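Heads up: the structure comes next, in structure tokens.
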Amino acid sequence: MAIDDPEDDKEGETEKPKKKGKLLKIILIVFSILLLLGGSIGATLYFTGALSGDHSDDTASNEKQDKGSKKKSKSAPIYYAFDPPFVVNFVENNQIRYLQITMEVMTREEQVVEDLKTHMPVIRNNLVLMFSGQTYDTLSTAAGKQKLRDEALAEIQQVLKDQTGKTGVEAVYFTSFVMQ
């Protein structure tokens with residue numbers, strides 16, 4: 001009982017290496033995870049171009065270019081969606097056809113957006129009349145849709161010019177175009 005038993009010593013020795021083995025496994029697992037995380041972060045930075053060199057000079061030169069180009073270039077585009085979509089019907093070969101167009105316009109001035117909102121009843125009226133006068137065969141082709149976009153742009157610009165003295169709208173985009 002008070003005498004040391006050789007078997008007790010063996011049990012004590014076998015427990016210590018197990019503890020060291022578990023600790024070593026935990027350290028290796030944590031190290032592996034950190035290595036993987038570091039590698040993935042490094043690869044991400046490399047492939048996104050964040051590690052491509054000194055950015056302080058690039059930023060300064062870009063700011064100089066931006067300041068110089070702001071005078072020459074146009075301001076950022078502003079898009080305005082016509083809501084609700086236009087829905088018209090037209091007769092083609094004694095069949096009633098339906099056309100639904102969701103449309104947005106692009107301008108570069110906030111005031112033009114306000115002008116569009118103010119004169120929306122006139123613009124929508126003119127566009128509905130234009131859309132309902134189309135034929136199914138014309139609108140079935142890409143060229144026909146492009147022509148309709150150009151006509152819609154001209155109509156919107158004309159209304160704005162008549163009402164405000166300036167056109168302001170640069171482009172018309174059909175974001176949805178459904179015919180039945």
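Since every read-out is calculated from the coordinates, none of them should be taken as a lab result. Just so we're clear, the structure is a prediction, and the values are computed from it rather than from any experiment. We place every Cβ from the backbone using ideal geometry, glycine too, and count neighbours over all the protein chains shown.
Some notes on this structure:
- The simple spin-label model puts a point 7 Å past each Cα toward its Cβ; for Lys20 and Glu92 those points are separated by 8.6 nm.
- For the pair Tyr136 and Phe177, label points projected 7 Å from Cα toward Cβ lie 1.7 nm apart.
- Sorted by Cβ density within 10 Å, fewest first, the residues Thr135, Thr107: Thr135, Thr107
- With 0.36 nm allotted per residue and the present C-alpha distance subtracted, the Asp162-Ile78 stretch has 28.1 nm of extension available.
- Loop-located GluC sites (Glu not before Pro) in segment 87-131 whose Cβ has at most 16 other Cβ within 10 Å (DSSP): Glu109
- Net length gained if the chain between Arg108 and Ile29 were fully extended (0.36 nm per residue, minus Cα distance): 22.8 nm
- Among Lys161, Lys145, the order by Cβ neighbours within 10 angstrom, fewest to most, reads Lys161, Lys145.
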